[in-house]
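*Asks:* One structure is given below, represented as structure tokens, and several questions about it will come after.
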Amino acid sequence: MPVVQLQYKDRVISRHRVEAGGSLTIGRHPESDVVIDNAAVSGKHAKIDGLEGGYFITDLKSTNGTFLNSMMITTSQLKHGDSIVIGRHRLLFGYAKGEARPEKESAPLDKTVLMDAGRHRASVPSADVNAYLSVLKGGNGEIPLTKKVTKVGKDPVCDIVVAGFGVGKVSFTISKMPKGFQVNYISGFKRPRVNGEPLKTSLKLREFDTVDIGATRIQFVYRESLFM
Amino acid sequence: MHVEHAALTDMGCKRSRNEDAFFVSDALKLYVVSDGMGGHKAGDVASRLVVECMQEYIHRATRQGNGQESRQASELSSQASCLVDAIGHANRKVWDAARSLAACDGMGATVSAVWICGDTFVSANVGDSPVYCIHGQAIEMVSVQHNVPVGSPGQERAGHTHGLTRAVGVKEYVVADVCESQCYPGDRFVLCSDGLSNLVSEGEILQAVRRLSAGDASRSLVDLAKARGGDDNITVVVVTVGGRGSVTGWMRRVFGPLLPGMKTRARRGGS
């Protein structure tokens, strides 16, 4: 059974076994098999799978990437002595003495790798699942903020249709920025009110901020996913 | 909305050629900065190819006008997906060129683009050339940096890539990060290469852009980066939204409430 050694600055922190047919998850999340508690490491950062043709490292769409022998990789087969770098930590992969190694260590397995990609996509949660608008008044329900721009207004093309005198066709939009969400006033002489204050142009949204438009009150809920 | 720009590129103090390229057009309202991967062969070829392809693609798309509503199902607006497609197109061209010409083998570039469409903007990027949006007193990076923070282990041996995790033209397909939002009269956008952003902080960019005209701001930012060593090519594009119309907009906002007739006009004008 091959062993993965977690190192930090040449100091060995822990050793983990990878079983054939099993997998080893690596990340900041405490339920990972190899926990690396460092801000540079994503919740679910990478994993090692023991498949039929050998052992494979897969990056789980991590923020800062996974490096195999200094090369950034998404999926790659592991050879004895390979060094995986995640943040400032290093993982050394090696087979035990006398252990049978796969004959071809050159990743001939298109099929397996593809399957793997599909599986990992399913296991990577989307960053936006937990950001949504909750309708508190004038309706009910939750609208997940999955689009880059979510429109709110009178027009039926809007993602949230709101009635009311003076409400614009598109009254405001919520746009997804690299760092959080932003509410933007667009049109209509009745301006949306964010936490009671009329919205002049645009504003960053914080969790539990409320937006009133017409008779509708919407609350912004955003929880950072554990796995990101 | 009326849009103005100022653009400036400088070789810097250490490099012997300029591998940055930019394209600006107030007619298309498209602004693109591309930074060729330094140390690689033909970084300048790649960056030039990127901006040419972007320009060509957007120009074609705006002239044809509508292949638009077909994309309703995607999470992006038609303009945003058009800009992403333009980057994909540029990636294809650079990738093909890199494989067909031995002298260009392995070339790549970053790309950062801002496209003003009506009263919204779309920004898309690949690589580490940042795009800043300045709204009121605040500056915000609307691009996503595809690089490895300086000093992390992955960079040690792969130093010549500058720790980029994504670039245009190095793989068959590329995924761009997109940001789209509303822009208001008076907002400014700054696109630059990492030759500037590595040496000048966000706060300093904000100060320069708020105090000075677009032209003076870009000049002073380039000078500042050069004074601090200028070890890479430096490119700055400053885009001002609603540049000329902003004075009347401002007058309306101040005097509007006093004059009922003007008030309604201001509202119509503003919407």
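Nothing in this text is a laboratory measurement; each read-out follows from the coordinates by a stated rule. What you see is a predicted model; the values in this text were computed from it and never measured. A quick note on method: Cβ atoms are made from the backbone with ideal geometry, for glycine too, and the neighbour counts reach across all protein chains shown.
*Asks:* Using the per-residue mean of other Cβ atoms lying within 10 Å as a proxy for protection, in what order, highest first, do the peptides B:194-202, A:24-32 fall?
*Replies:* Numbers: B:194-202: 21.2, A:24-32: 19.1.
Going by the mean number of other Cβ atoms within 10 Å, highest first, we get B:194-202, A:24-32.
*Asks:* Could I have the simple spin-label model distance between B:R17 and A:E142, label points 7 Å from Cα toward Cβ, reported in nm to one decimal?
*Replies:* With each label point 7 Å from Cα toward Cβ, the separation is 5.6 nm.
*Asks:* Going by a ≥ b ≥ c, the root eigenvalues of the Cα gyration tensor, does segment A:1-67 fall in the rounded group (a/c under 1.5), the prolate group (a/b larger than b/c) or the oblate group?
*Replies:* Because a/c hits 1.5 or more and a/b fails to exceed b/c, segment A:1-67 counts as oblate.
*Asks:* Could you name the aspartates and glutamates in cross-link range of B:K29, using Cα to Cα under 13 Å and dropping any fewer than eight places away on the same chain?
*Replies:* The reachable aspartates and glutamates, counting only those whose Cα sits under 13 Å from B:K29, are B:E4, B:D119.
*Asks:* Can you put B:M1, B:M54 in order, fewest other beta carbons within 10 Å first?
*Replies:* Details: B:M1 18, B:M54 26.
Fewest-to-most ranking of B:M1, B:M54: B:M1, B:M54.
*Asks:* While we're looking at this one, here's another question. Over the alpha-carbon set of segment B:1-54, work out the extent along each principal axis and list the three values in angstrom, largest first.
*Replies:* Between the extreme Cα coordinates on each principal axis of segment B:1-54 lie 40, 25, 10 Å.
*Asks:* Shielding of B:180-190 by partners, i.e. mean partner chain Cβ atoms within 10 Å per residue?
*Replies:* Numbers: counts 7, 12, 12, 3, 5, 1, 1, 2, 0, 0, 0.
Average per residue, whole number: 4.
*Asks:* OK, next. Arrange the following residues from fewest to most other Cβ atoms within 10 Å of their Cβ: B:Y132, A:Y132, B:Y31, B:Y173.
*Replies:* On the way: B:Y132 22, A:Y132 18, B:Y31 28, B:Y173 8.
Neighbour counts put them in this order, fewest first: B:Y173, A:Y132, B:Y132, B:Y31.
*Asks:* Now, a different point. On average, how many beta carbons from a partner chain sit within 10 Å of the beta carbon of a residue in A:55-68?
*Replies:* Values: counts 0, 0, 0, 0, 0, 0, 0, 1, 2, 7, 8, 1, 9, 1.
That average works out to 2.
*Asks:* Which of B:Y57, A:Y222 has the fewest other C-beta atoms within 10 Å, and how do the rest follow up to the most?
*Replies:* Numbers: B:Y57 20, A:Y222 17.
By the 10 Å Cβ count, ascending: A:Y222, B:Y57.
*Asks:* Hey, can you rank B:45-52, A:94-101 by average C-beta count inside 10 Å, highest first? The partial results should precede the final answer.
*Replies:* Numbers: B:45-52: 25.6, A:94-101: 10.5.
The most tightly packed comes first, giving B:45-52, A:94-101.
*Asks:* If packing is taken as the average count of other Cβ atoms within 10 Å, what order do B:217-223, B:178-184 fall into, highest mean first?
*Replies:* Details: B:217-223: 21.1, B:178-184: 23.6.
Highest to lowest by the protection proxy: B:178-184, B:217-223.
*Asks:* Let me spell out the model: positive unit charges on the Cβ of Lys and Arg, negative unit charges on the Cβ of Asp and Glu, origin at the Cα centre of chain A. What dipole size does that give, in debye rounded to 20?
*Replies:* On the way: 33 positive and 23 negative charges, 187 e Å.
About 900 debye.
*Asks:* Rounded to the nearest 0.05, what FRET efficiency do B:R99 and B:E56 give with R0 = 25 Å and r taken as the Cβ-Cβ distance? Could you check? Please list the in-between numbers first.
*Replies:* Working: r = 20 Å, r/R0 = 0.81.
Efficiency, from the Cβ-Cβ distance: 0.80.
*Asks:* Could you work out the mean count of beta carbons from other protein chains within 10 Å of each residue's beta carbon in A:183-195? Walk me through the intermediate numbers first.
*Replies:* On the way: counts 2, 7, 4, 4, 4, 2, 6, 0, 0, 0, 0, 0, 0.
Counting Cβ atoms of other protein chains within 10 Å of each residue's Cβ and averaging gives 2.
*Asks:* Round to the nearest 10 and give me the degree value, 0 to 90, for the angle of helix A:110-123's Cα axis relative to the longest principal axis of chain A.
*Replies:* So the helix axis and the longest Cα principal axis differ by about 40 degrees.
*Asks:* Viscosity 1.567 mPa s, temperature 4 °C: what is the translational diffusion coefficient of chain A from Stokes-Einstein with a Kirkwood Rh over Cα pairs, rounded to a whole number of µm²/s? Don't skip to the answer; put the middle values down first.
*Replies:* Values: Rh = 20.5 Å.
In µm²/s, the coefficient is 63.
*Asks:* Hey, which of these cross-link pairs are over 24 Å Cα-Cα: A:K176/A:K200; A:K47/A:K204; A:K9/B:K171; A:K61/A:K147; A:K61/B:K171; A:K47/B:K93? Before the final figure, lay out the partial values.
*Replies:* Working: A:K176/A:K200 19 Å; A:K47/A:K204 35 Å; A:K9/B:K171 32 Å; A:K61/A:K147 19 Å; A:K61/B:K171 17 Å; A:K47/B:K93 34 Å.
The answer is A:K47/A:K204; A:K9/B:K171; A:K47/B:K93.
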